[in-house]
1. Which percent of Cα pairs goes in each bin when the distances of the chain are cut into 5 angstrom slices starting at zero?
2. Would you mind telling me the antiparallel percentage of the DSSP bridges in the chain, rounded to 5?
3. Using the alpha-carbon centroid of each, what span in Å lies between the stretch 155-178 and the stretch 25-49?
4. How much solvent-accessible surface does residue 4 expose, in Å² to the nearest 10, with a 1.4 Å probe and all protein chains in place?
5. At a Cα cut-off below 16 Å, give the aspartates and glutamates reachable from residue 183, other chains included and same-chain residues fewer than 8 away excluded.
6. Over the heavy atoms of residue 74, what accessible area does a 1.4 Å probe trace out, to the nearest 10 Å²?
7. For the chain, what does the accessible surface come to per residue with a 1.4 Å probe? Please give it in Å².
8. Within 10 Å, at most 14 other Cβ atoms, and a DSSP state outside H, G, I, E, B define an exposed site. Report the longest part of the chain free of exposed GluC sites (Glu not before Pro).
Amino acid sequence: MKKLILATGNPGKVREMKQILAGLYDEVISMKEAGVAVDVVEDADSFLGNAAKKALAISQLVECDVVADDSGLCVDGLGGRPGVYSARYSAEGTDEANNAKLVQEVSQLSEDQRGAHYECAIVLARKGKVAFSCECRCDGQIILQARGSEGFGYDPYFLLPEYGKTFGEIEPAVKNKISHRAKALAELRQFAEQEK
């Protein structure tokens with residue numbers, strides 16, 4: 001039986017990744033479901049570095065494939081911040097506090113400086129070695145009023161101009177085709193299918 005462990009404790013990511021990778025493995029489970037309790041310090045200076053740290057650390061403890069992602073929001077007018085610090089941008093590190101800090105900082109910027117992108121790095125590891133990695137992005141802009149209750153993190157403030165909607169308003173089925181994570185997981189899926 002082919003099993004994949006998702007190296008994340010974020011329930012929103014687990015939900016998205018399970019939907020996108022459905023059918024690729026016999027079982028796709030979270031670290032919690034696998035009974036793996038490892039706290040990997042994400043101190044790399046890139047999304048790819050953090051994803052690799054997580055995937056490699058957990059793949060040394062289990063007999064199956066492990067996939068980790070590290071992703072975040074990069075705002076043009078903030079010099080790419082919050083970037084790798086997206087999950088812990090505020091002192092509290094909650095979605096509410098992170099979003100409040102983002103809105104406060106972005107409100108100082110002119111509209112043309114509010115361009116932003118979500119970036120996602122994916123690493124698949126086996127027995128302590130990287131088997132596959134990629135990075136993908138999704139472009140948009142930051143708005144100052146939250147819209148929608150779908151998604152998680154900065155999604156209600158991330159507007160996709162071509163849809164006229166935020167990630168907080170777009171249905172999960174659409175987000176799971178166009179997001180930074182969806183694009184990266186599609187590349188992972190392609191790699192895994194070629195291996196079969």
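1. Whole-percent P(r) values from 0 Å outward: 1, 8, 16, 21, 20, 15, 10, 6, 3, 1, 0.
2. Taking every DSSP beta bridge with both residues in the chain, the antiparallel ones total about 80 percent.
3. 26
4. My reading of the accessible area for residue 4 is about 0 Å².
5. 16, 69, 70, 119, 135, 139, 193
6. 10
7. I get 48 Å² per residue for this part.
8. Answer from the scan: 93-161.
The values are calculated or read from the model by the stated rules, or taken from the named source; none is laboratory data. The structure displayed is predicted, hence computed values, not measured ones. Please note: Cβ atoms are built from the backbone with ideal geometry, for glycine as well, and neighbour counts cover all protein chains shown. Accessible surface areas use protein heavy atoms only, side chains included; no ligands, DNA or RNA. Shrake-Rupley method; radii C 1.70, N 1.55, O 1.52, S 1.80 Å.
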